[in-house]
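Engineer: The structure follows.
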Amino acid sequence: QVHLVESGGGLVQPGGSLILTCTVSTNNFADSTWAWYRQAPGKRRELVARINHWGNKYYPESTEGRFDIARNITKKTVYLRMSNLEPEDTGLYYCSRYGSNVWGQGTQVTVSS
């Protein structure tokens, strides 16, 4: 059973930065691939970053160069550092074990002037 708690969202101006945190309760954190997703109003949930158990990272084109995913194995925490934010980055952000269907409550990110 996995339990996830996301935090760190908020209102930020275009060009600004935010750091999201996901605290995970699970017995096999280090062996798993973790991911951040977002869902904008009226749109499907989409992957924004992923990190596997070797520490290899993947970003779609929309977030490459602006987002950075990291993890702390000791703290069982996954981070998403977001910079140069755009209004299109607005949405509810979730973390999850990649490939699972278990989600936290999400944290809202709004990019607006």
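The values are calculated or read from the model by the stated rules, or taken from the named source; none is laboratory data. Please read all numbers here as calculations on a predicted model, not as lab measurements. Positions of Cβ are backbone-derived with ideal geometry, glycine not excepted, and every protein chain shown enters the neighbour counts. Areas reflect the complete protein model, heavy atoms only, side chains present, ligands, DNA and RNA absent. Shrake-Rupley method; radii C 1.70, N 1.55, O 1.52, S 1.80 Å.
Engineer: Take the residues in the stretch 57-87 that are open to solvent by 20 Å² or more (accessible area, probe 1.4 Å), touching a residue at least 40 places away in the same chain (Cβ under 8 Å) and under 22 Å from residue 12 (Cβ atoms), then tell me which one is nearest to the chain's Cα centre (by Cα).
Structural biologist: Out of the qualifying residues, it is 79.
Engineer: A follow-up question, please. Scanning the stretch 7-30 for residues that are touching a Leu at 6+ places or on another chain (Cβ under 8 Å) and aliphatic (A, V, I, L, M), which turns out surrounded by the most Cβ atoms within 10 Å (Cβ to Cβ)?
Structural biologist: 20
Engineer: Quick check, is residue 14 assigned to a loop (DSSP other than H, G, I, E, B) and under 20 Å from residue 84 (Cα atoms)?
Structural biologist: yes
Engineer: Is one or more of the residues making up the stretch 36-44 in contact with a Cys (Cβ under 7 Å, 6 or more places away or on another chain) and buried (at least 16 other Cβ atoms within 10 Å of the Cβ)?
Structural biologist: Within the stretch 36-44, one or more residues are in contact with a Cys (Cβ under 7 Å, 6 or more places away or on another chain) and buried (at least 16 other Cβ atoms within 10 Å of the Cβ).
Engineer: Right, something else. Among the residues of the stretch 99-109, count how many are at pLDDT 95 or above and buried (at least 16 other Cβ atoms within 10 Å of the Cβ).
Structural biologist: 3
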